[in-house]
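Asker: Pasting a structure here, questions to come.
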Amino acid sequence: MIPELLQPVFVISAALLSIGLYGVMSKRNMLKIIISLGLVDTGVNVLIVAMGYLPGGTAPIENGNYALYVDPVPQALVLTAIVIGVSVMALALAVAMGYYRKTGTLELDKEGVMKW
């Protein structure tokens, strides 16, 4: 059972994931694909943080009440994922810039680029 407070967060996460996956699967422009991958990354990060949320929970500072602590591990994982996602995005944009300099376009459906 999902608390009512978290339901909009799951809807937002699902929307970001859906829009991102649609963009990756349907677009042929490298820049649009990279932006769509960023949306997927953001949707996953929002979902992980939402799963670690505890309504009424506090920071894990020792005060004697161990039942109402919010788990800090998902937040730490998301911080790591954000750093990795930014570096992957920078690498993808560098590849896109090199491709644009070589071919003069960012479209992937030009002759000889895609095998299928």
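Asker: If you add up the charges near G38, with Lys and Arg at +1 and Asp and Glu at -1, over every other residue whose beta carbon is less than 14 angstrom from its beta carbon, what do you get?
Answerer: Result for the neighbourhood of G38: +1.
Asker: What whole number of Å gives the distance from the Cα centroid of segment 7-28 to the Cα centroid of segment 31-110?
Answerer: 14
We did not get these values from a lab; they are worked out from the coordinates using the rules stated. Because the structure is predicted, anything quoted here is derived from the model rather than measured. Every residue, glycine among them, receives a Cβ derived from its backbone with ideal geometry; neighbour counts consider all protein chains shown.
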